[in-house]
Amino acid sequence: LEVVSLARVDFVPEQITQSRLAAWTTDAASTEDVAQDWAFRFSPEFPAELKKLEQLREQLGNLQDQRQEIMVMRELPNRKPSYFRERGNYDTPSFAVSPGVPDMIFPWPTEFPNNRDGLARWTFDRRNPLTARVAVNRWWQMLFGEGLVRTPEDFGNQGQRPTHPALLDYLADQLIDSGWDVKQMLRLMMLSATYQQSVVVDATTLEADPENRWWTRAGSYRWPAETLRDQALAVAGLLDLKLDGAPVKPYDLAEAFAPLPTDGGSLVYRRSLYTYWKRMSPSPVMIALDAVKRDVCQVKRERTTTPAQSLVFLNSPQFVEASRALAVRCWNNQPVEIESAITEMVQQMLSRNPSPRELETLTHLYHDQRSRFEESPESLQAYLNIGHYRIPTELPPAPIGALAVVANTLMGLDQWTTRR
């Protein structure tokens, strides 16, 4: 072999196989290349250097895996043509189409570039009558229960007209003038006399305005599912107010279609905003409280009243656990008289003092449940073991369990679940 002979065959070690010799003969390699390849591959330092290289590559791969990647979109230098398809058939293009916007809303200004940047400018331009009005209507709906336009999913000619068009225009102008400041707009709405009204209404006004289209009283509606959960954790002192972070998995039903594993520690007490949501298998507890599945866009939730919602408050680990933590708080603050502890509990949950009849009923419930727990330690232990939270060992278990039942009962009241 000519190349091998040039590379001094007498110094070629036995590890060089015939296949390698064949590769050398077919490659256009010089004598120096062959010699360098042989010296590198069969030198004593090669295994150590190769292992070091593999370790460095592994470290580089781990660093790259830890980096967060985001998709970045940009316009093509030459836009691909798009065609109208006859009867939707992909293989029957007819005439070319180009990007555009509905001229009935706001014609495309000539000074805007015909790309995504131009679409963003068109969306938030002051001359666009839709964006700001849709936004303030959603916030009004969030605060008052109903929007100025009561069909937020349809601002077109098939939707309802606004109850107060001039007010909608004013709020939209205020939003644009504020530089699209959301907090300022919410403050403006919540400091208004309309928002600060009472839900109490006389018979004459109720007959004249049964749907509250004139905003003669404050809106009354049940809190959303996420608010109810966060409210229970907050009053119990369990809510984790940490901002940002990865999604968390709170309690789920073991009998669900595809139950998710529950996170441990304080992660189960994070706000509902951070709850991991699986669209094909949403949380049955949240769905029972009228949360949306999120498989389609739904800008207005349906509000129902079903027995399943009461069962959620009575049996869901998150609410039972919150009731137990609230019971511990009230017991520590009022350990002498149970009536004082129950009064503080009502104040914490309903923002008022209980009436004499309510206090008597709740006290009777407490003593009844305490007797039942004292007669059945197994039931008491099972009730106290629901969830991750455990009561301090120095506290009496039966009174705490009975007081937790009282708190859990209050969570099922209309005054707890309803915004007034």
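Among residues of the range 109-120 being touching a residue at least 12 places away in the same chain (Cβ under 8 Å) and open to solvent by 70 Å² or more (accessible area, probe 1.4 Å), the one that is farthest from the chain's Cα centre (by Cα) is 114.
Number of residues in the range 264-294 that are under 23 Å from residue 390 (Cβ atoms) and modelled with pLDDT under 80: the value is 2. Within the range 384-399, residues that are touching a residue at least 24 places away in the same chain (Cβ under 8 Å) and closer than 13 Å to residue 320 by Cβ reach partners that are of a type in the set (A, V, I, L, M, F, W, C) and part of a loop (DSSP other than H, G, I, E, B) with beta carbons closer than 8 Å, at six or more positions or on different chains, in the pairs 384/391; 389/238. Every condition in (1) of a type outside the set (Asp, Glu); (2) part of a loop (DSSP other than H, G, I, E, B); (3) open to solvent by less than 40 Å² (accessible area, probe 1.4 Å) holds for residue 198 except the one numbered (3).
Listed conditions (1) in contact (Cβ under 8 Å) with a residue 40 or more places away in the chain; (2) farther than 30 Å from residue 144 by Cα are all met by residue 375, apart from (1). Close contacts from the range 44-65, counting a first residue that is surrounded by 10 or more Cβ atoms within 10 Å (Cβ to Cβ) and a second that is in a loop (DSSP other than H, G, I, E, B), with Cβ to Cβ under 9 Å and a gap of 6+ residues or different chains, come to 49/43.
For residues that are surrounded by 10 or more Cβ atoms within 10 Å (Cβ to Cβ) and modelled with pLDDT under 85, tally how many sit in the range 66-85. Summing the residues that are surrounded by 10 or more Cβ atoms within 10 Å (Cβ to Cβ) and modelled with pLDDT under 85 in the range 66-85 gives 2. Within the range 344-360, being surrounded by 15 or more Cβ atoms within 10 Å (Cβ to Cβ), without any contact (Cβ under 8 Å) to a residue 24 or more places away in the chain and assigned to a helix (DSSP H, G or I) holds for 344, 358, 359.
Restricted to the range 362-395, and to residues that are part of a helix (DSSP H, G or I) and of a type in the set (S, T, N, Q), which residue is most open to solvent (accessible area, probe 1.4 Å)?
Of the range 362-395, the ones part of a helix (DSSP H, G or I) are 362-375, 377-384.
Of the ones still in play, those that are also of a type in the set (S, T, N, Q) are 363, 369, 371, 379, 381.
Numbers: 363: 15, 369: 25, 371: 55, 379: 49, 381: 97 Å².
So, considering only residues that are part of a helix (DSSP H, G or I) and of a type in the set (S, T, N, Q), the one most open to solvent (accessible area, probe 1.4 Å) is 381.
Suppose the filter is of a type outside the set (Val, Ile, Thr) and in a helix (DSSP H, G or I); does residue 302 pass it? Before you say what the answer is, go through the steps one by one.
Values: of a type outside the set (Val, Ile, Thr): yes; in a helix (DSSP H, G or I): no.
The answer is no for residue 302.
The sole residue among 322, 398, 341 that is surrounded by 13 or more Cβ atoms within 10 Å (Cβ to Cβ), at pLDDT 90 or above and within 30 Å of residue 290 (Cβ to Cβ) is 322.
Being modelled with pLDDT of 90 or more and more than 26 Å from residue 132 (Cα to Cα) narrows it down to one residue among 235, 248, 182; which is it? First the steps, then the outcome.
Values: 248 fails: modelled with pLDDT of 90 or more; 182 fails: more than 26 Å from residue 132 (Cα to Cα).
235 is the lone residue from the list that is modelled with pLDDT of 90 or more and more than 26 Å from residue 132 (Cα to Cα).
Residues that are surrounded by 15 or more Cβ atoms within 10 Å (Cβ to Cβ), under 24 Å from residue 148 (Cβ atoms) and either in contact (Cβ under 8 Å) with a residue 12 or more places away in the chain or not small (Gly, Ala, Ser) (or both) occur in the range 285-299; there is at least one. Among residues that are surrounded by 14 or more Cβ atoms within 10 Å (Cβ to Cβ) and at pLDDT 95 or above, residue 148 is not included.
The values are calculated or read from the model by the stated rules, or taken from the named source; none is laboratory data. These numbers were taken from a predicted model, which means no experiment stands behind them. Virtual Cβ from ideal backbone geometry, glycine too; neighbours counted across all protein chains shown. Ligands, DNA and RNA are excluded from the accessible area calculation, which covers all protein heavy atoms including side chains. Shrake-Rupley method; radii C 1.70, N 1.55, O 1.52, S 1.80 Å.
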